[in-house]
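Chemist: One structure is given below, represented as structure tokens, and several questions about it will come after.
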Amino acid sequence: MRSKLILLFLISGSFANCAVKQIRIAPNFESSLDKFKRLTVAIDSGSKVNQVEATLVKSMAEQELAHHKEFIVYPDPSSKNQNCKSPVGKSQGVLTLKLEETLKGSTPSFLVWLSPATFGPSSDGIKISIQAQIQKCDTKEILWDGHASSSYFMGGDEEATLRTSYENKFGKSVGPKVLPYYDILKSLLDKIASPVLNEVEQDEKIEVESGA
């Protein structure tokens, strides 16, 4: 009986520690990837983060979609295409991210360590929430929707190269937040299926990324 209770606790803990809370996928999303391959990324204007953090996450999302999901990501520096208001280039849709962060809370550190997706933040930590959705601009249909939330400790030295890379782009102030934002964003975007590009589309992708 005791072993069953321990197993149940471990199973429950694994779900409690999952940053990704919800994923909803339209029935036609994966089949649409035969043609739906071009996106922009926008930060929702209702996000509760500073501009530098918004720009950081936008850059991370563009890199993740372009290099790990093989989408052709058209640049939209001012997030004009939020809710498909102003499609850019040949883009067919938009990934919109709504961000919220809470800094330096009062949750005991051991509770955050035990279940970061449930508790937090601690006095030296951050809690991040991201609501993401992919909208197809010609039909205004939401093809994919996801929500992730978790707490993190800040100031670690893991993945120093990644941290330094983004500090060089956005300043030293983002340094402690790079790994938390990268971790939760990647855990969410990993749930998105990837298109497959043909040779012509690969050439288009190279042109877009080179700014041609």
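The values are calculated or read from the model by the stated rules, or taken from the named source; none is laboratory data. The shown structure was predicted, so the numbers you read here are calculated from the model rather than taken from an experiment. Glycine gets a Cβ as well: all are built from the backbone with ideal geometry, and neighbour counts include every protein chain shown. Only protein heavy atoms, including side chains, enter the accessible area calculation; ligands, DNA and RNA are left aside. Shrake-Rupley method; radii C 1.70, N 1.55, O 1.52, S 1.80 Å.
Chemist: Taking the criterion of being surrounded by 21 or more Cβ atoms within 10 Å (Cβ to Cβ) and of a type in the set (G, A, S), would at least one residue in the range 94-115 satisfy it?
Modeler: no
Chemist: Right, something else. What residue, of S45, S122, is open to solvent by less than 20 Å² (accessible area, probe 1.4 Å), touching a helix residue (DSSP H, G or I) at 6+ places or on another chain (Cβ under 7 Å) and hydroxyl-bearing (S, T, Y)?
Modeler: Details: S45 fails: open to solvent by less than 20 Å² (accessible area, probe 1.4 Å).
None of the other options fit; the residue is S122.
Chemist: Follow-up. What pairs can you find where one residue is in the range 51-79 and touching a residue at least 24 places away in the same chain (Cβ under 8 Å) and part of a helix (DSSP H, G or I), the other is buried (at least 20 other Cβ atoms within 10 Å of the Cβ) and basic (K, R), and their Cβ atoms are less than 9 Å apart, with a gap of 6+ or different chains?
Modeler: What qualifies is E53/K177; L56/K177.
Chemist: May I pose another question? Where the second residue is assigned to a helix (DSSP H, G or I) and open to solvent by 50 Å² or more (accessible area, probe 1.4 Å) and the first is farther than 15 Å from E101 by Cα and β-branched (V, I, T) and lies in the range 169-195, which pairs have Cβ atoms under 6 Å and are six or more apart or on separate chains?
Modeler: Within 6 Å, no pair qualifies.
Chemist: Okay, moving on. Which numbered condition trips up K177, out of (1) under 12 Å from the mean Cα position of the chain (by Cα); (2) basic (K, R); (3) at pLDDT below 95?
Modeler: Exception for K177: condition (1).
Chemist: Is it true that L162 is under 15 Å from the mean Cα position of the chain (by Cα) and of a type in the set (A, V, I, L, M)?
Modeler: Numbers: under 15 Å from the mean Cα position of the chain (by Cα): no; of a type in the set (A, V, I, L, M): yes.
No: the conditions fail for L162.
Chemist: Has the range 197-207 got at least one residue that is open to solvent by 50 Å² or more (accessible area, probe 1.4 Å), touching a residue at least 40 places away in the same chain (Cβ under 8 Å) and over 21 Å from A148 (Cβ atoms)? Break it down into steps so the answer makes sense when it comes.
Modeler: First pass over the range 197-207, keeping only residues open to solvent by 50 Å² or more (accessible area, probe 1.4 Å): 198-200, 202-203, 206-207.
Still in the running and touching a residue at least 40 places away in the same chain (Cβ under 8 Å): none.
No, the range 197-207 contains no residue that is open to solvent by 50 Å² or more (accessible area, probe 1.4 Å), touching a residue at least 40 places away in the same chain (Cβ under 8 Å) and over 21 Å from A148 (Cβ atoms).
Chemist: Which residues, taken from the range 107-138, are modelled with pLDDT of 90 or more, among the polar types (S, T, N, Q) and more than 13 Å from the chain's Cα centre (by Cα)?
Modeler: Q135, the sole residue that qualifies.
Chemist: In addition: Quick one: in the range 178-196, of everything that is part of a loop (DSSP other than H, G, I, E, B) and of a type in the set (D, E, K, R), which residue is surrounded by the most Cβ atoms within 10 Å (Cβ to Cβ)? Steps first, please.
Modeler: We begin by selecting, within the range 178-196, every residue part of a loop (DSSP other than H, G, I, E, B); these are 190-196.
Those still in the list that are of a type in the set (D, E, K, R) too: 190-191.
On the way: D190: 11, K191: 13.
Looking at residues that are part of a loop (DSSP other than H, G, I, E, B) and of a type in the set (D, E, K, R), I get K191.
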